[in-house]
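Chemist: Please read through the structure below; I'll follow up with questions.
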Amino acid sequence: MTTVLAPVGEAPGTARTRAARGGRRRPSGARWWVVLAFLSPFVIGFCVFVLYPVAATLYYSLTDFQAGSYRPVQFVGLRNYRALFTQSDTFWVAVRNTLWMVVVMVPLRTAWAMFTAWVIIRVKRGRAVYRTLFFLPSMVPVVAAALSFIVLLNPVGPLNRMLGWVGINGPGWFSDPAWSKPSLVLMALWASGNVMVIFSAAMLDVPRELYEAAELDGAGTLQKFRSVTLPAISPVIFFALLTGMIYTFQYFTEAFVASSSANATSSSNDLIGYPANSLLFYSTELYRQGFAYFKTGYASAMAWLLFLVIFAATVVFIRVSRRFVHYSGGGR
């Protein structure tokens with residue numbers, strides 16, 4: 001054992017502390033370039049694929065830029081935003097269709113997923129099998145699922161033939177403006193297995209003591225679900241509604257495939273929104289303006305307006321949910 005001798009007039013403990021501090025390895029602050037090298041893939045990717053596109057679309061939304069055009073770009077200020085509200089009829093059609101999907105499809109999909117999860121956890125045998133069967137449709141690629149439903153819901157397809165066997169004249173589904181959006185809702189309900197799994201896990205996590213206390217008070221099955229299950233899984237309900245709302249505001253793939261495949265006799269530009277613009281949603285209209293008509297500045301203004309609407313709706317939804325969402329720790 002090495003003894004550290006203190007200088008004259010200095011306490012022995014002070015010398016020992018200074019020796020230990022001197023023997024400690026200094027942090028490698030001089031090797032900042034190593035840290036930067038490891039961070040560079042993320043930093044470069046973020047700047048190139050996120051930061052630059054966001055800044056570019058904000059700039060383009062204030063110009064008359066058209067992709068592929070050789071004429072000089074002119075700054076037009078808020079003219080693109082004014083044109084959205086005053087000079088476009090299809091814009092308001094797309095807004096109404098999108099809001100219809102948000103108001104109708106999101107609550108129905110959440111309620112259906114919650115109901116199927118509640119039924120599955122009450123099954124005593126084969127619970128894993130039923131859960132797997134309900135979850136499998138959510139793993140099907142969106143395009144393949146949309147094409148399958150177009151075939152299934154064809155006016156002369158399998159479903160209408162089966163309805164005809166019992167004397168029911170089936171609707172036109174994707175070919176009928178009155179049934180096109182409900183057809184998309186049916187497809188969303190069919191593919192709600194991922195939300196169902198989340199609800200199933202949340203319901204299984206509810207303490208059994210709460211159900212036992214409710215049974216002692218004479219509560220029935222529906223009363224226990226309303227008074228015990230719903231408050232306990234309210235954070236999951238909030239999560240499902242919030243993520244579903246954000247996704248539906250950007251609803252694109254299913255509507256685009258359904259419009260393009262339901263009628264093979266029209267041109268590609270006329271197919272978007274078929275039939276009769278009933279499947280024209282905000283994102284499909286944005287796509288048509290930006291990539292079919294090449295109005296890049298106008299489409300950029302639509303993109304920024306969509307971002308602001310989603311951001312505002314999310315903030316309002318979070319604030320309102322504080323009254324209804326109950327967390328296990330008692331906080332909100």
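Chemist: So Y251 ticks every box in (1) under 15 Å from M105 (Cβ atoms); (2) modelled with pLDDT under 90 but one. Which box is left unticked?
Modeler: Unmet for Y251, out of (1) under 15 Å from M105 (Cβ atoms); (2) modelled with pLDDT under 90: (2).
Chemist: Sort out which residues of region 55-85 are at positive phi and either open to solvent by 40 Å² or more (accessible area, probe 1.4 Å) or touching a Lys or Arg at 6+ places or on another chain (Cβ under 8 Å) (or both), and write them in order of number.
Modeler: G68
Chemist: Okay, moving on. Can you find, within region 86-98, the residue that is least open to solvent (accessible area, probe 1.4 Å) among those that are free of Cβ contacts under 8 Å to residues at least 24 places away in the same chain and in contact with a Phe, Trp or Tyr (Cβ under 9 Å, 6 or more places away or on another chain)?
Modeler: Checked region 86-98; the qualifying residue least open to solvent (accessible area, probe 1.4 Å) is S88.
Chemist: Could you tell me whether any residue of region 248-260 is closer than 30 Å to R322 by Cβ and open to solvent by 50 Å² or more (accessible area, probe 1.4 Å)?
Modeler: Yes, that holds for at least one residue.
Chemist: Checking the structure you have, find out if any residue of region 135-145 is among the polar types (S, T, N, Q), at pLDDT below 95 and open to solvent by 70 Å² or more (accessible area, probe 1.4 Å).
Modeler: Among the residues of region 135-145, not one is among the polar types (S, T, N, Q), at pLDDT below 95 and open to solvent by 70 Å² or more (accessible area, probe 1.4 Å), which makes the answer no.
Chemist: Inspect region 298-313 for any residue being over 22 Å from G244 (Cα atoms), open to solvent by 20 Å² or more (accessible area, probe 1.4 Å) and modelled with pLDDT of 95 or more and give the result as yes or no.
Modeler: Yes, region 298-313 contains at least one residue that is over 22 Å from G244 (Cα atoms), open to solvent by 20 Å² or more (accessible area, probe 1.4 Å) and modelled with pLDDT of 95 or more.
Chemist: Just a yes or no: is a residue in region 146-155 in contact (Cβ under 8 Å) with a residue 40 or more places away in the chain and under 19 Å from Q250 (Cβ atoms)?
Modeler: yes
Chemist: Looking at V129 and the list (1) farther than 30 Å from S180 by Cβ; (2) hydrophobic (A, V, I, L, M, F, W, C); (3) touching a helix residue (DSSP H, G or I) at 6+ places or on another chain (Cβ under 6 Å), which single condition is not satisfied?
Modeler: Of (1) farther than 30 Å from S180 by Cβ; (2) hydrophobic (A, V, I, L, M, F, W, C); (3) touching a helix residue (DSSP H, G or I) at 6+ places or on another chain (Cβ under 6 Å), only one is false for V129: (3).
Chemist: Please verify whether A117 is modelled with pLDDT under 90 and open to solvent by less than 50 Å² (accessible area, probe 1.4 Å), treating the condition exactly as stated.
Modeler: no
The values are calculated or read from the model by the stated rules, or taken from the named source; none is laboratory data. Note that this is a predicted model, so its numbers are computed, not measured. Heads up, the Cβs are rebuilt from the backbone with ideal geometry, glycines too, and the neighbour counts pull from every protein chain shown. Side chains included, ligands, DNA and RNA excluded: accessible areas come from the protein's heavy atoms. Shrake-Rupley method; radii C 1.70, N 1.55, O 1.52, S 1.80 Å.
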